[in-house]
Amino acid sequence: MAHSTGGRHPYPRSARVNQILREVISDELLRISDVDERLGLLTVTGVETTPDMRQAMVFLDSLRDDAKAALEEHRAQLQAAVNAQTRLKRTPKLSFMADPAVASGTAVEEILRRTRHDDE
């Protein structure tokens, strides 16, 4: 017997919105990187919107100074893509930062590498 959720989605709206924004922004960054090489090799690792959906923090695997400047320059284009490809009442203002989880993972990998090297 299938379990019915009464038309409700199995996870909250904010999680669905975050996932959609991540996909739209990733696709648009790929297009923009064809003309702005500063945005090459950037990966959107996640998006977190505020409860009122007015702001969205976009997390990237890394964020060099030149990439940060490029993101600021192309913010309007990214927000326009979000507006065109989603059915949100308002387009959240995008902010960008390096994903702290990626930095932590890199630090752990470096510690493990050093530990292995010391054991050899």
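The values are calculated or read from the model by the stated rules, or taken from the named source; none is laboratory data. The structure presented is a predicted model; accordingly, all values stated were derived computationally and were not measured. Because the Cβ atoms are built from the backbone with ideal geometry, glycine has one as well, and the counts that use them run over all protein chains shown.
Remarks
- Within the stretch 78-87, considering residues that are loosely packed, with under 15 Cβ neighbours inside 10 Å and of a type in the set (A, V, I, L, M), the one nearest to Val44 (Cα to Cα): Ala80
- In the stretch 29-48, the residues that are of a type in the set (D, E, K, R), surrounded by fewer than 14 Cβ atoms within 10 Å (Cβ to Cβ) and closer than 14 Å to Lys68 by Cα: Glu37
- Yes/no for Arg75 being surrounded by 16 or more Cβ atoms within 10 Å (Cβ to Cβ) and at pLDDT 90 or above: no
- Qualifying residue in the stretch 5-17 (condition: surrounded by 12 or more Cβ atoms within 10 Å (Cβ to Cβ), under 18 Å from Gln85 (Cβ atoms) and at pLDDT 95 or above): no
- Enumeration of residues in the stretch 20-59 that are β-branched (Val, Ile, Thr), assigned to a loop (DSSP other than H, G, I, E, B) and in contact with a strand residue (DSSP E or B) (Cβ under 7 Å, 6 or more places away or on another chain): Thr43
- Ser62 vs. criteria modelled with pLDDT under 85, surrounded by 10 or more Cβ atoms within 10 Å (Cβ to Cβ) and outside any strand (DSSP E or B): no
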